[in-house]
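The values are calculated or read from the model by the stated rules, or taken from the named source; none is laboratory data. This structure is a prediction, so every number in the text was calculated from the model and none was measured. Because the Cβ atoms are built from the backbone with ideal geometry, glycine has one as well, and the counts that use them run over all protein chains shown.
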Amino acid sequence: MSVASTLKSLEPSIGKEIFLSDWTQVTQDQINQFADSTKDHQWIHVDLEKAAQGPFGQTIAHGFLTLAHLPFFSYQVPLRPEGAQMSINYGLDRVRFINPVASGAKIRDRIVLTSVEEKPGNRILMKQTHTIEIEGQDKPACIAEALSMIFF
């Protein structure tokens, strides 16, 4: 399938929700591993006793740990442009951490196809807006515009 035909096939989905993931739990073990990996051991994330006395009443996930779930959710999206050889992370346009994710909370991703754009070299730049929701809460944890470069 050509880039032009792929663009044409994706156009009807622009501005629409293309995927809603299942819930996945964010555990204290994940938070601790993320802290070890990033060297960010701020007490609000890893000190159970001190965090219990803090503003959220318990530990919370790092904002970047919430953001780091994007690949996990993205790999589940059934949208696979025919003829694509590979897709790479091309960056982020905008990220907002709106609501903290408490340890033990469940999150899911609501993905909207925001745009697709033909690029030189037989490529497509795809932007998806990810809204990471927290089970039982009205405000999402994170809203991020993620870019993927698709090679044909």
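Summed over segment 60-76, the residues that are in contact (Cβ under 8 Å) with a residue 60 or more places away in the chain and not hydrophobic (A, V, I, L, M, F, W, C) give a count of 4. Restricting His41, His45 to residues that are in contact with a helix residue (DSSP H, G or I) (Cβ under 8 Å, 6 or more places away or on another chain), surrounded by 16 or more Cβ atoms within 10 Å (Cβ to Cβ) and of a type outside the set (Ser, Thr, Tyr) narrows the list to His45. Out of Asp36, Asp29, Asp22, one residue alone is closer than 22 Å to Arg110 by Cα, out of contact with any helix residue (DSSP H, G or I) (no Cβ under 6 Å at 6 or more places or on another chain) and loosely packed, with under 12 Cβ neighbours inside 10 Å. It is Asp22. Ile98 satisfies every condition listed in (1) touching a Pro at 6+ places or on another chain (Cβ under 6 Å); (2) surrounded by 16 or more Cβ atoms within 10 Å (Cβ to Cβ) except (2). Here Lys127 passes the criteria (1) in a strand (DSSP E or B); (2) in contact (Cβ under 8 Å) with a residue 40 or more places away in the chain except the one numbered (2). Taking helices (runs of 4 or more DSSP H) as the structural unit, those lying wholly within segment 1-98 and holding at least 3 residues that are more than 14 Å from the chain's Cα centre (by Cα) correspond to 3-10, 28-38, 43-46, 48-52. Taking Ile143, is it surrounded by fewer than 17 Cβ atoms within 10 Å (Cβ to Cβ), aliphatic (A, V, I, L, M) and modelled with pLDDT of 95 or more? So Ile143 passes the test.
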